[in-house]
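Enquirer: Sending over a structure as structure tokens; questions will come in a sec.
The values are calculated or read from the model by the stated rules, or taken from the named source; none is laboratory data. Predicted model only: the values in this text are computed from it and were never measured. Don't worry about glycine lacking a Cβ; one is built from the backbone with ideal geometry, like all the others, and counts go over all protein chains shown.
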């Protein structure tokens, strides 16, 4: 830039000659400042990279545009030029260039149409965010300047602005995903916008990054889902396109459909237009199909292929080292970026703890980092539960064991292609647990997960349901996909709140609620994992769900023999008082409560006994029983359940 600033000195001197300053003090200051500039730029100048020439090449600027940028940048690069600009504008202090001064120093008539075309709002300099202009003054008096990011680039600094840096993602390029080479060819041909449709389970980001790498183009990838709700998406898109161009890279936008989200984008067309007019390739990745209303001209659309086990093995080997990942790890259907993140987590954890990096630790890391805000590991007991912990009628226990057997032998059955349903249904297993609170539904789900060696993921209903139309289905799709990817047991507690009966359509709310239920029915059929739905009221569920269940297990309120087993099971875990023995047959006969309530009573009795420094006796159990009845709002007999 020093050489360009040196060449600017001549037109500045001519502008000074044209002015006959009535104020001798200002005239003297102007001449003194010019003399300093002559000394500063006299003689040979050091060789420097001409970054402005690179900017002109990328953005397709002509020499006159380059001159405009030079004049506008000068006062921010040289304080003496800023002082001269101020004096030329009749001011006593340094100033930026005005629109009129820019035209004068670049030799363009202020009344010409070319001047307005070059500095107007639709001009390339303004459209690409290379030049900014003040808006609250007459046109010729408006200040013009270069944005800080552009100015920093010209001086050799390429640090991303803070708000943009928070959006960065690090895609894993997989050129093999572009098997037919269409996306790579589009990048090489200079297609400004390509819509990469990437349903969950496919490798849209890796496809885009791989195509850019194959074309020899750098990659700037951001996730628009991280953009704050208050952000101006159109301005953000322009800044991202400019940033990618300054870096000589292609732009990859993850979750690009956010540009059209009605609650976020007031004018999505302007954002898509900025992408379509980009000077660098823009690969917009989304799980949604392209909508014709977004842009007048339909862009090229590429479907991202699924990420195969072979692809996942390559990524695991790249980040963990060859031979660490085993088939169970590579079977986790994670996106390549999630694999890289999990591998980094496992590697960092192994370095901190001194433990050996293994497939097991990587699998645990994958479940830690690849979850979402809508699902999470349920709080499991400290020890792995087993069927011995379940006190159920024989038929219910037998059904649960049969469910585990199905899951254990599912792959063998499905290996025979003749047994696979050709009607489009998935190969998963779905079970419905119904019964009153405290009858063991949640514990049974934990037992099944433990028997199969799976984590149990509990769906947070409050994070699923969304007031915006279509968002609930999107959240559910993400939950199902993550459950399939991580090979976990998916547990919907109190499922009737989400899987309720469809009703007659009386208003728009009923119509969309019915659509959500219909979507759930379809998605459960295609789900390739293990799902457990728990409900207190079986009758509240849509009947269509029952038809799609592999197992329906009713957890009845315990009868007297079952309650006797429950009391003994829980009391065996505490120290009892021989001097005040607990009368289990009496408790089982008189206290008609579910297993969860019985557990609460024994736990409360243990607290009271420990507080008194005593072993658990009948007195503690009876007192805890009375307190539990009060808590449940039930009537306590006059004798307080004391034995007769």
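Enquirer: When you go through (1) over 25 Å from residue 447 (Cβ atoms); (2) at pLDDT below 90; (3) surrounded by 15 or more Cβ atoms within 10 Å (Cβ to Cβ) one by one for residue 530, which number turns out not to apply?
Expert: (1)
Enquirer: Restricting the search to segment 25-52, which residues are within 24 Å of residue 82 (Cβ to Cβ) and without any contact (Cβ under 8 Å) to a residue 40 or more places away in the chain?
Expert: Step one: of segment 25-52, the residues within 24 Å of residue 82 (Cβ to Cβ) are 25-43, 45-46, 48-52.
Result: 25, 27, 28, 31, 32, 35, 38, 39, 41, 42, 43.
Enquirer: Tell me which residues, restricted to segment 295-310, are farther than 23 Å from residue 269 by Cα, more than 22 Å from the chain's Cα centre (by Cα) and modelled with pLDDT of 90 or more.
Expert: Hits for segment 295-310: nothing passes.
Enquirer: Just to check your reading of the model, which residue among 246, 259 is within 19 Å of the chain's Cα centre (by Cα), assigned by TED's automatic domain parsing to the domain that holds residue 206 and in a helix (DSSP H, G or I)?
Expert: Details: 246 fails: within 19 Å of the chain's Cα centre (by Cα).
After ruling out the rest, the residue left standing is 259.
Enquirer: Let me ask something else. Does segment 8-33 hold any residues that are touching a helix residue (DSSP H, G or I) at 6+ places or on another chain (Cβ under 7 Å) and either more than 23 Å from residue 73 (Cβ to Cβ) or not in a loop (DSSP other than H, G, I, E, B) (or both), and which are they? Explain how you work it out, then say what you get.
Expert: Just the residues of segment 8-33 that are touching a helix residue (DSSP H, G or I) at 6+ places or on another chain (Cβ under 7 Å), to begin with: 8-9, 11-13, 15-16, 19, 21, 26, 29-30, 33.
Within segment 8-33, 8, 9, 11, 12, 13, 15, 16, 21, 26, 29, 30, 33 meet the criteria.
Enquirer: Still on this structure, please answer the following. So residue 48 clears everything in (1) closer than 22 Å to residue 104 by Cβ; (2) touching a helix residue (DSSP H, G or I) at 6+ places or on another chain (Cβ under 9 Å) except one condition, right? Which one?
Expert: With respect to (1) closer than 22 Å to residue 104 by Cβ; (2) touching a helix residue (DSSP H, G or I) at 6+ places or on another chain (Cβ under 9 Å), residue 48 is out only on (1).
Enquirer: From the list 239, 185, 191, which residue is without any contact (Cβ under 8 Å) to a residue 40 or more places away in the chain, surrounded by fewer than 24 Cβ atoms within 10 Å (Cβ to Cβ) and either outside the structural domain of residue 286 (by TED's automatic domain parsing) or farther than 29 Å from residue 482 by Cα (or both)? Spell out the reasoning first.
Expert: Details: 239 fails: without any contact (Cβ under 8 Å) to a residue 40 or more places away in the chain; 191 fails: without any contact (Cβ under 8 Å) to a residue 40 or more places away in the chain.
On inspection, the qualifying residue turns out to be 185.
Enquirer: Kindly indicate whether any position in segment 244-252 is out of contact with any strand residue (DSSP E or B) (no Cβ under 8 Å at 6 or more places or on another chain) and surrounded by fewer than 21 Cβ atoms within 10 Å (Cβ to Cβ). Quick ask: steps written out before the conclusion?
Expert: Going through segment 244-252, the residues out of contact with any strand residue (DSSP E or B) (no Cβ under 8 Å at 6 or more places or on another chain) turn out to be 245-246.
Pick out the ones that are also surrounded by fewer than 21 Cβ atoms within 10 Å (Cβ to Cβ) and you get none.
No: zero hits.
Enquirer: Next question. Being out of contact with any strand residue (DSSP E or B) (no Cβ under 6 Å at 6 or more places or on another chain) and either at pLDDT below 65 or over 23 Å from residue 332 (Cα atoms) (or both) narrows it down to one residue among 481, 409, 395; which is it? Step through it out loud before you land on a result.
Expert: Working: 481 fails: either at pLDDT below 65 or over 23 Å from residue 332 (Cα atoms) (or both); 409 fails: either at pLDDT below 65 or over 23 Å from residue 332 (Cα atoms) (or both).
After ruling out the rest, the residue left standing is 395.
Enquirer: Same structure again: Collect the residues in segment 297-313 that are buried (at least 19 other Cβ atoms within 10 Å of the Cβ) and either part of a helix (DSSP H, G or I) or on the phi > 0 side of the Ramachandran plot (or both), keeping them in residue-number order.
Expert: 311, 312
Enquirer: Let me ask you something else. Please return the ranges of helices (runs of 4 or more DSSP H) entirely within segment 546-644 where 2 or more residues are within 46 Å of the chain's Cα centre (by Cα) and free of Cβ contacts under 8 Å to residues at least 60 places away in the same chain.
Expert: Filter on segment 546-644 gives 595-612, 618-632.
Enquirer: I need a count of the residues in segment 90-108 that are surrounded by fewer than 16 Cβ atoms within 10 Å (Cβ to Cβ) and under 21 Å from residue 120 (Cα atoms). Break it down stepwise before answering.
Expert: Pass one, segment 90-108, residues surrounded by fewer than 16 Cβ atoms within 10 Å (Cβ to Cβ): 90-93, 107.
Still in the running and under 21 Å from residue 120 (Cα atoms): 107.
Residues that pass the stated criteria total 1.
Enquirer: For segment 367-384, does any single residue satisfy the condition of being within 20 Å of residue 488 (Cα to Cα) and at pLDDT 85 or above?
Expert: Our first condition is that a residue be within 20 Å of residue 488 (Cα to Cα); within segment 367-384, this holds for 367-384.
When the remaining residues are screened for being at pLDDT 85 or above, the result is none.
Checked against the condition, which is being within 20 Å of residue 488 (Cα to Cα) and at pLDDT 85 or above, segment 367-384 yields no hits at all.
Enquirer: Separate question: I'd like to check something: does segment 571-592 contain any residue that is surrounded by 16 or more Cβ atoms within 10 Å (Cβ to Cβ), under 22 Å from residue 385 (Cβ atoms) and not assigned by TED's automatic domain parsing to the domain that holds residue 525?
Expert: yes
Enquirer: Looking only at segment 278-296, which residues are in a loop (DSSP other than H, G, I, E, B) and in contact with a strand residue (DSSP E or B) (Cβ under 9 Å, 6 or more places away or on another chain)? Give the derivation first.
Expert: Within segment 278-296, the first condition is being in a loop (DSSP other than H, G, I, E, B), and the residues that meet it are 278-281, 287-291, 295-296.
278, 280, 281, 287, 288, 289, 290, 295 - these are the residues of segment 278-296 that are in a loop (DSSP other than H, G, I, E, B) and in contact with a strand residue (DSSP E or B) (Cβ under 9 Å, 6 or more places away or on another chain).
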